[in-house]
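The values are calculated or read from the model by the stated rules, or taken from the named source; none is laboratory data. Computed from a predicted model, the values in this text were never measured in an experiment. All Cβ positions, glycine included, derive from the backbone under ideal geometry; neighbour counts span all protein chains shown.
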Amino acid sequence: MDKVSVVIPTYNCLPYLPKAIESVLAQDYKNIELLIVNDNSSDGTDKYLATLSKTHNNIIVINTDGVGAASARNIAIKQSSGHYVAFLDADDCWYSGKVSEQVRVHQENKHLGMTFTNYDHLNENNELIIDCLAYWNKYNSDQNTVHFFDNPLNDIFANNIIGTSTVMINKAVFQKIGFFNEEMSYCEDWHFWLKVCEHFDVALLKHSYTGYLMRAGSITQTDSKRWNNLLSVSEVISHYQDRNTSISKKSLSQARARLQEGYADYFRTKGDIYTALLHDFHSLLIDPQTRRVKHTLGDMKKCLMPSQKHKQSVPIK
């Protein structure tokens, strides 16, 4: 039975971390080592992990001094001893059977470098909002439980449907392409998945095996982080656009449209409906989608309401 190394980076996430850890320990696949990187938390995480590691000999605690998620994952990967490496964010959780099913798919398809699964968006009451594949309306047209990508680079470039907490990677992948880019503060996960897709076969398990928590007031939803994330997405798109790769024109258009949709949502939540509408039109022009029509019509309606006052700003080029 091949060992699976599970990597959890955590920073001040103690209210959620025990649930994440328990979801790993409760898996029916037992040959697991759990590497938890406490990245300078100040909420008592260190004491909790010190106690936990004394009662579980398969838990390895690594303390770092604020290196960030990419570096934390890289440190754990380099210390791991498993044949496969799986990732879990500290505020997410796994459902039963996740690890065993992904290992099964890897073992039956030795050519795979990476697998990932569908996942559920959950609110803080643990209620389902929507699952990833339903939101994107992709890969649900057949009854197969596993989707093997013909061209994973184009698919994942067009729409990053990969949730970090769903990924399992053959450790040999890191030997070939390296690790997460530690110079990137945002979007480093998508950037790494694209590197994997350039060199390895990839498969999707269409069953949902992970709960992704949509935290109100989470650091991931602050204005500055959302803006910097959009800029990082733009940089990755430009990087692949400028390189001689196998990215198709269609995938490039879809990625650009998704970026414009992201800008529209950013300005919409800030109350700048006029600028959001400009990005709505841009996204709709590049890659028409039903949801983009709805967003555009909604923003047009808000702009035409005389009682509404909206901020104005310079559109993103």
Seminar exercise, completed: Note on Leu49: of the conditions (1) aliphatic (A, V, I, L, M); (2) surrounded by fewer than 19 Cβ atoms within 10 Å (Cβ to Cβ); (3) farther than 25 Å from Tyr119 by Cα, unmet is (2)
For this session: Inspect all residues belonging to the stretch 56-69 and state whether any of them is closer than 18 Å to Ser185 by Cα and part of a helix (DSSP H, G or I).
Result: yes
Exercise. What about Glu101, is it part of a helix (DSSP H, G or I) and either over 14 Å from the mean Cα position of the chain (by Cα) or within 15 Å of Thr166 (Cβ to Cβ) (or both)?
Worked result: yes
Exercise. Of everything in the stretch 276-292 that's farther than 22 Å from Cys187 by Cβ and at pLDDT 90 or above, which residue is surrounded by the most Cβ atoms within 10 Å (Cβ to Cβ)?
Worked result: Asp280
Seminar exercise, completed: Checking Ala90, Ala72, Ala86 in turn, the sole residue that is touching a residue at least 12 places away in the same chain (Cβ under 8 Å), in a helix (DSSP H, G or I) and not acidic (Asp, Glu) turns out to be Ala72
Exercise. Between a first residue in the stretch 93-109 that is surrounded by fewer than 19 Cβ atoms within 10 Å (Cβ to Cβ) and a second residue that is in a helix (DSSP H, G or I), which pairs have beta carbons less than 9 Å apart while being 6 or more apart in sequence or on different chains?
Worked result: Tyr95/Ser23; Ser96/Ser23
Seminar exercise, completed: The condition from (1) part of a loop (DSSP other than H, G, I, E, B); (2) over 25 Å from Gln241 (Cβ atoms); (3) modelled with pLDDT under 95 that Lys138 misses is numbered (2)
Exercise. Among the listed residues Asp39, Asp65, Asp28, which satisfies the condition of being assigned by TED's automatic domain parsing to the domain that holds Cys187, surrounded by 19 or more Cβ atoms within 10 Å (Cβ to Cβ), of a type in the set (Asp, Glu) and at negative phi?
Worked result: Asp39
For this session: Quick one: in the stretch 141-189, of everything that is of a type in the set (Phe, Trp, Tyr) and under 18 Å from Val6 (Cα atoms), which residue is surrounded by the fewest Cβ atoms within 10 Å (Cβ to Cβ)?
Result: Phe179
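Answer yes if at least one residue in the stretch 113-128 is part of a helix (DSSP H, G or I) and either at negative phi or under 13 Å from the mean Cα position of the chain (by Cα) (or both), and no otherwise. Can you show your working first?
At the first step, the residues of the stretch 113-128 found to be part of a helix (DSSP H, G or I) are none.
Taking every residue of the stretch 113-128 in turn, none turns out to be part of a helix (DSSP H, G or I) and either at negative phi or under 13 Å from the mean Cα position of the chain (by Cα) (or both).
Given Lys225, Lys311, which one is modelled with pLDDT under 85, in contact with a Gly (Cβ under 6 Å, 6 or more places away or on another chain) and either charged (D, E, K, R) or under 23 Å from Phe180 (Cα atoms) (or both)?
On inspection, the qualifying residue turns out to be Lys311.
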Exercise. Would it be correct to say that Phe192 is without any contact (Cβ under 8 Å) to a residue 24 or more places away in the chain and either crowded, with 20+ Cβ neighbours inside 10 Å or in contact with a helix residue (DSSP H, G or I) (Cβ under 9 Å, 6 or more places away or on another chain) (or both)?
Worked result: yes
Exercise. Is it the case that some residue within the stretch 19-31 is modelled with pLDDT of 95 or more and either farther than 29 Å from Lys206 by Cβ or part of a strand (DSSP E or B) (or both)?
Worked result: no
Exercise. For Asp28, all conditions in the list (1) more than 22 Å from the chain's Cα centre (by Cα); (2) under 26 Å from Arg215 (Cβ atoms) hold save one; what is the number of the exception?
Worked result: (2)
